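To keep things clear, I will list the structure first and then write my remarks on it.
The values are calculated or read from the model by the stated rules, or taken from the named source; none is laboratory data. Remember, it's a predicted structure, so these values are computed and weren't measured experimentally. With ideal geometry, Cβ positions are generated from the backbone for all residues, glycine too; neighbour counts draw on all protein chains shown. Note: accessible area is taken over every heavy atom of the protein model, side chains too, but ligands, DNA and RNA are not part of it. Shrake-Rupley method; radii C 1.70, N 1.55, O 1.52, S 1.80 Å.
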Amino acid sequence: ARITMLSTLALQSYLIFLVLGVSSVLGHIRLDYPTPRSQNAQKQGPCGDPFWQNGQPQTTLSPGLQTISWTEFIQHDGAPFRLALSVTGNDDGFDNWILADHIPHGDGSMKTYSYRVNIPDINCPKCSFQLINPMTDKIQSGSCCRYPDSMNSSAPTCFSVYHSCANIVITGRNDPATFPRNQPTWKGPYARESADWTQNGSSWWLNPSADIRYNPTSCFGSSPPSPSTIPTTSNVLKGVLVFLGLCVFGAIGAMIFVLMRRKMLIKKRNADNVEKHSFLEMDGAE
């Protein structure tokens with residue numbers, strides 16, 4: 001019996017060690033796509049892992065809607081997410097290129113999240129993609145915290161934030177320095193922010209009509225934030241697309257007019273021929 005008890009204790013210790021070991025290696029969250037620089041999320045910002053080192057994976061992204069995915073390995077109910085870019089050739093300026101902020105947490109269990117964002121139409125051969133996860137479940141209930149370089153707020157700095165970054169190439173057309181972008185109105189502070197996510201296969205997706213729960217709402221004044229995105233095309237490109245669309249519609253309209261006109265001429269010519277033949281027949285009969 002003593003040997004059995006010792007074996008049970010040893011097994012329990014091994015399992016605890018295994019769980020703690022895996023969580024320490026993987027971190028609390030990790031980007032899945034784009035492929036992260038490492039498998040371990042870092043508390044040290046902005047990325048923890050160095051920028052574009054030899055041997056690190058790279059992901060090429062086209063402008064437009066892209067599905068981003070990440071996995072949570074340790075559950076933190078109410079801890080929201082933020083997705084951002086750095087386009088400066090290092091890991092600076094993530095606060096200037098926020099793709100989506102205040103993405104609510106899916107409480108209840110660890111899961112793989114999938115979320116669609118607009119990748120801007122920029123040419124960036126050496127960009128960084130960042131996922132952050134402020135641990136708002138660790139702050140005092142009924143309070144909020146701010147992430148460094150977020151909006152001006154009297155809230156204390158979030159003392160625990162996990163980061164996961166990826167090296168990406170964006171194959172757009174515009175210079176990031178001149179590309180117009182609409183930043184989300186809210187760039188912090190963060191509270192406990194949760195919503196219901198729907199499972200589809202191995203991933204969980206946020207329902208667009210999901211009721212986002214904030215605790216407390218007083219962190220945001222009268223208008224709580226919602227996940228926001230920046231535009232995918234520049235104003236110039238939008239104008240070009242509108243012009244091309246008008247040209248296409250104009251060409252189609254002209255083609256229809258020509259076809260209808262030709263049909264009318266053929267019909268008139270046939271009518272003239274019938275009339276001419278009738279006249280000749282009458283003349284021959286005489």
Q) Across segment 35-93, which residue is modelled with the lowest pLDDT among those that are part of a strand (DSSP E or B) and open to solvent by 40 Å² or more (accessible area, probe 1.4 Å)? A) 42
Q) In segment 94-105, how many residues are outside any strand (DSSP E or B) and either buried (at least 17 other Cβ atoms within 10 Å of the Cβ) or at pLDDT 90 or above (or both)? A) 4
Q) Mind checking whether some residue in segment 237-260 is at pLDDT below 75 and either assigned to a loop (DSSP other than H, G, I, E, B) or within 30 Å of residue 107 (Cα to Cα) (or both)? A) no
Q. Got a number for residues in segment 106-120 being open to solvent by 10 Å² or more (accessible area, probe 1.4 Å) and assigned to a loop (DSSP other than H, G, I, E, B)?
A. 5
Q.
Please determine whether any residue of segment 186-193 is crowded, with 17+ Cβ neighbours inside 10 Å, basic (Lys, Arg) and at pLDDT 85 or above.
A. yes
**Q.** Residues being more than 17 Å from the chain's Cα centre (by Cα) and modelled with pLDDT under 85 - total across segment 194-208
**A.** 0
(Q) Quick check on residue 155: is it within 16 Å of the chain's Cα centre (by Cα) and among the hydrophobic types (A, V, I, L, M, F, W, C)? (A) no
Q) Can you find a residue in segment 59-82 that is over 22 Å from residue 204 (Cβ atoms) and over 15 Å from the mean Cα position of the chain (by Cα)? A) no
Q) Which is open to solvent by 30 Å² or more (accessible area, probe 1.4 Å), over 27 Å from residue 207 (Cβ atoms) and modelled with pLDDT of 90 or more, of 125, 148, 156, 176? A) 125
Q: All but one of (1) among the polar types (S, T, N, Q); (2) open to solvent by less than 100 Å² (accessible area, probe 1.4 Å); (3) at pLDDT 75 or above hold for residue 226, so report the exception by its number.
A: (3)
